[in-house]
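The values are calculated or read from the model by the stated rules, or taken from the named source; none is laboratory data. Fair warning: this is a prediction, and the values are worked out from it, not measured in the lab. We place every Cβ from the backbone using ideal geometry, glycine too, and count neighbours over all the protein chains shown. Note: areas computed on protein heavy atoms with side chains; ligands, DNA, RNA excluded. Shrake-Rupley method; radii C 1.70, N 1.55, O 1.52, S 1.80 Å.
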Amino acid sequence: NNTNIFVQRLNAAGLPEWKINGLAVTSGAVVQSGPYIVTDGSGGVIIAWNDQRDGIDADIYAQHVSAAGQVTWSTNGVPVCKAEKGQGITSMIADGKGGAIIAWGDYRNGVYPNIYIQHISASGAIKWNPNGLAVCPQPNFQHLPALLINSEGNTIVTWEDSRNGFLNIYSQMIGDVGKTKWP
């Protein structure tokens, strides 16, 4: 019951440019699944995925692959969030500086997911709080975050939220240093 993450670059004719049958982004003895991928802006990619290497609950890991098809961060990826209980990636966007912003539903506070977010730099460094910045730790569930980066470099995250007993849409702006800007 192992699954691993592989990536391949195809040229304009649809022919593979990296390793035949794909380049292993991670190879472990457990399930890695749900990959998200964004450009690094230089012909390479950043890939984030759910990873069960530390037990039953999924954590989030990320890896960079250069334009030449070389894995450049830690072997088997950089941990983005290893908090207790499960996390599931639901959105990712390139930061325009070779890194990425990753958002997810996180169960660390109980039965319902809350929205957390992390910024990973072009070098693979975690830029905000270890295990992510809590965007919305409200009661009931918050899920399906969507991301964009505005012209000032702030990240705006929008999500579905049931804190009032029915679904609403909420948004939050987060500055480059990982501080929320809206109430």
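Condition check for THR26 on (1) β-branched (Val, Ile, Thr); (2) open to solvent by 10 Å² or more (accessible area, probe 1.4 Å); (3) at pLDDT below 90: one failure, at (2). Just one of the listed residues (ILE37, ILE20, ILE56) is among the β-branched types (Val, Ile, Thr) and farther than 30 Å from LYS85 by Cα, and it is ILE20. Residue-level check: of (1) open to solvent by 50 Å² or more (accessible area, probe 1.4 Å); (2) under 23 Å from ILE37 (Cα atoms); (3) under 17 Å from the mean Cα position of the chain (by Cα), ARG108 misses just (2).
Can you give me the number of residues within segment 86-105 that are in a loop (DSSP other than H, G, I, E, B) and either at pLDDT below 90 or under 15 Å from PRO35 (Cβ atoms) (or both)? Of the residues in segment 86-105, 1 are in a loop (DSSP other than H, G, I, E, B) and either at pLDDT below 90 or under 15 Å from PRO35 (Cβ atoms) (or both).
Run down ALA94, ALA103, ALA122 and say which single residue is surrounded by 23 or more Cβ atoms within 10 Å (Cβ to Cβ), under 30 Å from ASN150 (Cβ atoms) and not β-branched (Val, Ile, Thr). Answer to the check: ALA103. Mind checking whether some residue in segment 56-69 is modelled with pLDDT of 90 or more and open to solvent by 50 Å² or more (accessible area, probe 1.4 Å)? Yes, segment 56-69 has at least one match. Sub-8 Å Cβ pairs linking a first residue in segment 161-183 that is over 21 Å from GLY96 (Cβ atoms) to a second residue that is β-branched (Val, Ile, Thr) and at pLDDT 95 or above, at least 6 apart or interchain, are ASP161/ILE169; ILE169/THR158; TYR170/THR158, ordered by first then second residue. Only one entry of ALA48, ALA83 meets the criterion of being touching a strand residue (DSSP E or B) at 6+ places or on another chain (Cβ under 9 Å), open to solvent by less than 40 Å² (accessible area, probe 1.4 Å), over 15 Å from ILE120 (Cα atoms) and aliphatic (A, V, I, L, M), and that entry is ALA83. For LEU144, are the conditions met, namely being of a type in the set (A, V, I, L, M, F, W, C), open to solvent by 10 Å² or more (accessible area, probe 1.4 Å) and at pLDDT 95 or above? When the stated conditions are applied, LEU144 does not pass them.
Candidates are the residues of segment 157-172 that are open to solvent by 30 Å² or more (accessible area, probe 1.4 Å) and in a strand (DSSP E or B); the one that is nearest to LEU144 (Cα to Cα) is GLU160.
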